Structures are given as structure tokens and as C-alpha cells.
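Step one of this worksheet: look at the structure below.
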Amino acid sequence: MDTIFALASAQGKAGVSVIRISGPQAFAAGRLLCGALPEARRTGVRVLTDGDGRRIDEALVICFEDGASFTGEAVVELHVHGSVAVVRKVLAVLGAMDGLRMAEAGEFTRRAFDNERLDLAQTEGLADLVDAETEAQRRQALRVLSGDLGKLVAGWRDQLVRAAALLEATIDFADEEVPVDVSPEVTDLLDQVSASLRRQVEGVAISERIRSGFEVAIVGKPNVGKSSLLNVLAGRDAAITSEIAGTTRDVIEVRMDLNGLPVTLLDTAGLRETEDRIEAIGVARARQRAQAADLRVILLEPGDRSEIEVGPGDILVRAKADLHGVEGFSLSTISGEGIDDLVVRITDVLTERSAGAGLATHLRHRQGMEKALEDLSVAKDWVRNGSESYDIAAEELRIAIRALEGLLGRVDVEDLLDEIFSRFCVGK
């Protein structure tokens, strides 16, 4: 493979910038830049020079041998002073060396995947970790990057391989020491995997929300204080406020970190009947977005009733507590009364929902698991038909295994034979 290089830290001026070289000529390139390299996985300060021996910078150099680096290849990392000019010069010198080229987007991670340092799910977890903005996103991405989903898939796979091996052994090795009726054990294994898969499928929606952000819609009649509440929660004037009813025509979105959870607040048009066609469009959009949101904060004035259906977890709150002496949960965007309590209530609802998040975090994961569930359901039907249908059931299990291995980017059907020989002592 080519030897590649690139700036591994953020672009622009910084205290330190990291330049990574990966591939078979990484060490040779490092020696051309700084002479003798430090021992593998040891650090050393070296002077970097160009092809004419002119000094470029003084850098901290770290080397990793094959199999010990992020990419799985020989790697040299140069921790240089974070000057734009220094980085540009080092990259130019590397680009002039024979056999080296600039890395393409994501190529270091692709090599880590190709060299089995990461599976496909871990690669997605790494991307999510880089994009993480909140504590909940960081924790979730780290679980996937740590290989927890891969371990779960490996457990499912082992159970399905065991079930398929039982069926195959019954078909092909009936005279050997194998169970006569394997259907109870096979059915039990399939039921266990199916139940675990369903739990993960149910948790994908919440995992996706943690990754992309929960939506919280603020709804109510015109002039009830929706835009003012949005501005208070956002800590800035994100929405125009006015005593004129119908000021908000479109949905205004503000993304924020709410006690570690990613939340997008939606300020919607006031809900009322109107002859103004533009405002009517805004009201229709408000209803649609409110319906699709994860949670609704419904602002009411004394005597008002909600203009939309109240769902589980929705928060009813009386507005303008500074003007109306109302009982129950109320707030004022002028005095600040009830604002902290509202934040706590929103956080509690979303935190409780977040507890249902699974290890699968992407639509691709859900589709793969749903496909496996369908295959397992078909396989169970064939197992119920008796031993004459075991060959078809075994094939359905192989299809389910491939669907699950697709979550990790790995497919290996030869392991079925290994399972037969190792567990049932088939053959001599």
C-alpha cells in the first residue's frame, strides 16, 4: 500500500499540530526528516530538516511499528509547533518524497478497518465521537468505539452458529454422537437472540436522538410568551418578540446543550384560526413540527386549554406568572420564576427516555437487525416443520448471520464447519 501522510490535528494556528505518516515507507520518511528515529513507542525530540538540510522546526517524534498503531501499519507522528507555516512546510517536504502521497479523507480510519484494528461499527463510533458536542453524545459514541456493539453481535453470532451447527450436524452426520432432536435447543437459541435483537431495535430511535438531538417544541396561542421563553432558554435574542399577535410565522430552531443532552428548541407560530394566508401556513407548520417533536412545552394563560393533544411527558405550564396569580406550575420570562424548574422537568423527561438507548446508533444498524429478525422468524418456522426442513432453516440462519456480520463489515460462513468439528467431534 502507499505511504500516506496528513495533518491529524485541526487546521489553523495552534499550540501543537500533529502530522501523521502511515505505511511501509513511514520510518524511511521519518529518517529523511529528522535523522535517527526514537525507539518504537518511545518519544524523542528531533530537529526536522528539508531536503537541503535547512532547519524546519523542532518536534516531538513518536514511532509505532506494524500492528501497534491506529492504522495497523508502521506510523511516525510528528508533533510540531502549531504554526501554519511550519505545518505547510513539513507537508510540502513529505509530498516531495518518492512513494509518499497526501491521505484522502478518512483514509487513516479506512486502513484501520482494513487491518482489522476497527470494525465498521467502531468506525461509525469514532466518527460520532469526533462530532460529539454534548456529554451524552460523547458517552454513547465511546461505547460504540470501545467495541461494545461488536461484542454483542459476536454473542448473537455464536448462538446462531451453534444453532446452525446443530441443524447441519443432524443432516450430514446423523450416525455421529449428536442430539437426535435438536429442535428444542435450536428454538431456544433463536428465541434468545430474537429477544435481544428486539431490545436493540427498540433502542435505536433513542440512540439516534442522542446522536442528532432531541426536539422540544414550545407551543401555545399567540402572545403567550413562546418566543420570550425561547430567548431566555437560549440566553440570547434568537426570536423576535412583540406585542403584535402572529409575529412568529415560521419555526425558529435553537440548538443547545441541556445538562449534557443535545436539544433543539423549536419556537412555533401561535396556534389560532386566522385569515392571513402566510400566518395560516405558519400555524400549520407549527402543528406539524409540534406533533413530530420528542417533547412539547405547552404554554397556557389562565382559562386556556391546550390547542393540541397532550402526549406522554408533555409539560403544561402557565405563562406570565408575574401578571397572573395562578396556582400550579407556572413561569415568568420577566422575573425568571419557574425557568429553572422547567429546565429540570425537560431534562428529567429526556434523561428517562435516554435510558432506553441501545448500542446500535444508526439507521443502518436497525435495518441490519430487522433483516436478521425476519430471517430468524422464517428459520423458526422451518424448524417447526421438522427435520426434513432443517437444511432450509440452516440456510436462513446463515443469511441472518451475514446480516449481523454486515453491522461490523465482516462476513465469514466457513465458521459453521469449524463449529461442527470442534463441538461435536465429527470426523477423526
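Bear in mind that the values in this text are calculations on the coordinates, not laboratory data. Everything numeric here is computed off the predicted structure, so don't read it as measured data. Here the Cβ positions follow ideal geometry from the backbone for every residue, glycine too, while neighbour counts run over all protein chains shown.
Which of I62, I339 comes first, and how do the rest follow, when ranked by fewest Cβ neighbours within 10 Å?
I339, I62
Principal axes first, then extents: for the Cα atoms of the chain, list largest minus smallest coordinate on each axis, whole Å, largest first.
So the three principal-axis extents are 85, 79, 36 Å.
In nm, to one decimal, how far is the R305 label point from the D340 one, both placed 7 Å along Cα→Cβ?
3.6
Using a Gaussian network model on the chain with a 10 Å cutoff between Cα atoms, which of T264, T49, T347 fluctuates the most?
T49
Quick one: which residues, 5 or more positions from E215 or on another chain, have an amide H under 5 Å from its amide H? H modelled 1.01 Å from N in the peptide plane, none for Pro or chain starts.
HN-HN under 5 Å from E215: T264, D294, L295.
Quick one: which residues, 5 or more positions from G44 or on another chain, have an amide H under 5 Å from its amide H? H modelled 1.01 Å from N in the peptide plane, none for Pro or chain starts.
So G44 has HN proximity to V61.
Taking all pairs of distinct Cα atoms, average 1/r, flip it, and tell me the Kirkwood hydrodynamic radius of region 3-114 in Å to one decimal place.
After inverting the pairwise mean of 1/r, the radius is 13.8 Å.
Please report, in whole Å³, the volume per residue of the convex hull around the C-alpha atoms of region 72-228.
242
Dipole size in debye (nearest 20) for the chain around its Cα centre, Lys and Arg Cβ +1, Asp and Glu Cβ -1?
Once rounded to the nearest 20, the dipole reads 1780 debye.
Out of R138, R162, R101, any idea which swings most in a Gaussian network model of the chain, alpha carbons joined below 10 Å?
R101
In whole Hz and in residue order, list the ³J(HN,Hα) couplings for region 122-136 that follow from phi through the Karplus curve 6.51 cos²θ - 1.76 cosθ + 1.60, θ = phi - 60°; x for Gly and Pro.
With the stated coefficients, region 122-136 comes to 5, 4, 5, x, 5, 4, 5, 5, 4, 8, 4, 10, 10, 5, 5 Hz.
Just G203, G225, G12 to compare: in a GNM of the chain, with alpha carbon springs under 10 Å, which one fluctuates most?
G12
Read phi for every residue in region 194-208 and hand back ³J(HN,Hα) as whole Hz from Karplus 6.51 cos²θ - 1.76 cosθ + 1.60, θ = phi - 60°, with x for Gly and Pro.
These are the phi-based 3J(HN,Hα) values: 4, 5, 5, 4, 4, 4, 5, 4, 5, x, 5, 4, 5, 4, 5 Hz.
Would you pull out the residues with amide H under 5 Å of T361's amide H, same chain only if 5 or more places away, H placed 1.01 Å from N?
Amide H to amide H, under 5 Å and 5 or more residues apart or across chains, T361 pairs with nothing.
List the lysines whose alpha-carbon lies under 23 Å from that of K320, not counting same-chain residues fewer than 8 positions away?
Within the straight-line cut-off, K320 pairs with K221, K226.
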